Amino acid sequence: MALSRLRGPVKEISKSHAPSFLRARFLSSSSSSSRSLSRPPCVQNSLVGGHGSLLRPASLFMLTGVQNNSLKLKLWVGGIKHFSSADSSHTVLQMPAMSPTMSQGNIAKWRKKEGDRIEVGDVLCEIETDKATLELESLEEGFLAKILVPDGSKDVPVGQPIAITVEDQDDIQNVPATVAGGSEIKEEKTNQNVKNENKVQEKSSIKTSASALPPHILVEMPALSPTMNQGNIAKWLKKEGDKINVGDVICEIETDKATLEFECLEEGYLAKILAPEGSKDVAVGQPIAITVEDPADIETVNNSVSSSSEIKEAKPMHHDDGNEAKAQKTSVARISPSAKLLITEYGLDSSSLKASGSHGTLLKGDVLAAIKSGKGSSSKEKTLPSPQKASPAVSTDSRSHIKQSDSFEDLPNSQIRKVIARRLLESKQNTPHLYLSSDVILDPLLSLRKELKEKHDVKVSVNDIVIKAVAVALRNVPEANAYWNAEKGEVILCDSVDISIAVATEKGLMTPIVRNADQKTLSAISLEIKELAEKARAGKLSPNEFQGGTFSISNLGMFPVDQFCAIINPPQAGILAVGRGNKVVEVVIGSDGVERPAVVTKMSLTLSADHRVFDGKVGGAFFSALGSNFSDVRRLLL
């Protein structure tokens, strides 16, 4: 890296000691998309600190990440070097901004301890960002004098000091105590926040015994897509004790989009699996496994982690006992009318029921829950007197009717369906939907399809031709190939025409993308659609095959569906719903100019558009271009 690119700050840095460079590289195979920065943040020329000490920017951080072997991201954040007559010179390392969207980060682990010597290339710590977990490497020699932010610290703002380094080992004891005092306060706040979060407790319970563990790496649940905040462990392909080579797939993770393979980027041994196979809703960043470099350390890790896990499991049990004791002490202050009827009918003891309503109110749901658990039948048999009441058979029938109405079956929901449900709700709530419909005559398309098959042995489906027709229409009407930027409050035109195709799978609806569909031939689109559909149904789509897209198509023409309205897939601004073709009698103008009744095949198209992007003029222009492509379908071959 040439220092000349830094311009102004270079002169200031060159006057003092050589700058400290730290490099961060990706640990996990996170597939979330990264955006390159146009320029690094400016580094301040000079600052004046307390006691008249001069603060100069002398430490730079560099992030280098490679995405799909084609994208590099570099980011510089200024550190501060202190020079004072009272204290020795030292460098304050700050939390760097390691991604464009990063405003805070977590200190996953310190690889160096206070007092350790730092060589060029040594890893100082692991930082968990909003994209991945990265190693912070030093490109300068020195000594780690003070760690200001300990292991497990959460939500450390970008720019906050995290450590102090010195060049001379004798200067470690001269590090100013004022910095340590401020860090202790932050550490206490951090520890308090850690105690208040259950997920953080799980991670801290593993790190509690980190000092007793041999050198190891904590493998965390990665964010494998931009919208992923949790995932499921579908299958472990490696067992505890297995050797791991670079590129080995250690497990399969079910994300909100697909089931992806998690590859290891370092050699070692799988010492402990923390999230077993079949684990559901594992939060991003939660530890799922521990690896070691030496196979002799596997048994040590197993023993240490198992003991901490038992403590972790014992705490919730103790917590539940406390809740039960509290529930037993809490008396039922009020009983709702419907709950009172059920108590009388089933002969329940209200003091033995748990009230979930406000101010100790016993609700109908509390009584039904007790009846379902079996309390109703047992208590009723004991408390009901001999048949002096009228119509006992009616009571039995009503009880069985209530039990029958409450009977249901829980179907496990896939991670994909959960995300689909959430995103569809957000789309209907936040996107103003505009609906436009039109019918097109399908006969020229069917004739072209038949001709391609008979004369050229090219097999294409109706859906393939529809994709091509829509792509060409979007190219001719670029205002329709756009999306709404909420931050800027304006419409952004897309450079390429990328069509997302709705494909139904067992786990939910997937939308693989045909990129640059307007530039591809019908046969190329047909072949690509078949490959993407097979991958989608097998759950093997890679992130770049389903993330993005500028327009969507949902085709139910293979079902008895004449017309329907689809929901927009944000951040896209349009989706075309395609119904089946129906034969109808319509007046057709012949080649001689005479109108005659004829049987034609018509297909209904319904556009759901974001009204912030589409108005009536844009929608009309899009349907005009689309109708021309269907009426003169041979233009699609050009």
Cβ pairs under 7 Å, 6+ apart, first in the range 296-315 and under 17 Å from residue 242 (Cα atoms) and modelled with pLDDT of 75 or more, second among the β-branched types (Val, Ile, Thr) and surrounded by 12 or more Cβ atoms within 10 Å (Cβ to Cβ): 298/292; 301/290; 301/292
Output for the range 585-611, where each listed residue is surrounded by 19 or more Cβ atoms within 10 Å (Cβ to Cβ) and farther than 23 Å from residue 622 by Cβ: none
Close pairs from the range 491-508: first within 25 Å of residue 414 (Cβ to Cβ) and among the polar types (S, T, N, Q), partner open to solvent by 10 Å² or more (accessible area, probe 1.4 Å) and part of a strand (DSSP E or B), Cβ under 9 Å, at least 6 apart: 500/575
The one condition in (1) small (Gly, Ala, Ser); (2) within 16 Å of residue 520 (Cβ to Cβ); (3) in contact with a strand residue (DSSP E or B) (Cβ under 9 Å, 6 or more places away or on another chain) that residue 482 fails to fulfil: (2)
Where a residue in the range 421-439 is more than 21 Å from residue 257 (Cβ to Cβ) and open to solvent by less than 60 Å² (accessible area, probe 1.4 Å) and its partner, wherever it lies, is of a type in the set (Phe, Trp, Tyr) and not in a helix (DSSP H, G or I), with Cβ under 6 Å and at least six apart: 434/614
Filtered residues of the range 229-244 (kept if open to solvent by less than 50 Å² (accessible area, probe 1.4 Å) and outside any loop (DSSP other than H, G, I, E, B)): 230, 231, 232, 233, 234, 236, 244
Odd one out for residue 568, checked against (1) part of a loop (DSSP other than H, G, I, E, B); (2) without any contact (Cβ under 8 Å) to a residue 40 or more places away in the chain: (2)
Any chance residue 591 is touching a strand residue (DSSP E or B) at 6+ places or on another chain (Cβ under 9 Å) and polar (S, T, N, Q): no
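For (1) over 19 Å from residue 446 (Cα atoms); (2) open to solvent by 70 Å² or more (accessible area, probe 1.4 Å); (3) not acidic (Asp, Glu), each residue gets a yes or a no:
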position	(1), (2), (3)
491	yes, no, yes
506	yes, yes, no
513	yes, no, yes
522	no, no, yes
525	no, no, yes
542	yes, no, yes
546	yes, no, yes
564	yes, no, yes
583	no, yes, yes
Every pair of residues 6+ apart whose Cβ atoms lie under 6 Å, when the first sits in the range 526-555 and is under 20 Å from residue 495 (Cα atoms) while the second is basic (Lys, Arg) and not in a strand (DSSP E or B): 546/257
Single residue of 186, 199, 203, 195 found to be surrounded by 21 or more Cβ atoms within 10 Å (Cβ to Cβ) and modelled with pLDDT under 80: 203
Filter result (more than 26 Å from residue 283 (Cα to Cα) and in a strand (DSSP E or B)) within the range 125-164: 137, 138, 142, 143, 144, 145, 146, 147, 161, 163, 164
Residue in the range 242-299 that is farthest from residue 225 (Cα to Cα), counting only those that are in contact with a Phe, Trp or Tyr (Cβ under 8 Å, 6 or more places away or on another chain) and of a type in the set (Lys, Arg): 243
Subset of the range 262-271 (residues that are out of contact with any Asp or Glu (no Cβ under 6 Å at 6 or more places or on another chain), closer than 20 Å to residue 109 by Cα and either surrounded by 20 or more Cβ atoms within 10 Å (Cβ to Cβ) or hydroxyl-bearing (Ser, Thr, Tyr) (or both)): 269, 271
Residue within the range 615-636 that is touching a strand residue (DSSP E or B) at 6+ places or on another chain (Cβ under 7 Å), at negative phi and assigned to a loop (DSSP other than H, G, I, E, B) present: no
Scope the range 451-480; condition open to solvent by 40 Å² or more (accessible area, probe 1.4 Å) and among the basic types (Lys, Arg); matching residues: 453, 455, 459, 475
So residue 366, is it open to solvent by 40 Å² or more (accessible area, probe 1.4 Å) and either touching a Cys at 6+ places or on another chain (Cβ under 9 Å) or modelled with pLDDT of 50 or more (or both): no
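The values are calculated or read from the model by the stated rules, or taken from the named source; none is laboratory data. Since the structure is predicted, the reported quantities are computational estimates derived from the model, not experimental observations. For neighbour counting, all protein chains shown are included, and Cβ atoms are generated from backbone atoms with ideal geometry for every residue, glycine included. Surface areas here come from the heavy atoms of the whole protein model, side chains and all, with no ligands, DNA or RNA. Shrake-Rupley method; radii C 1.70, N 1.55, O 1.52, S 1.80 Å.
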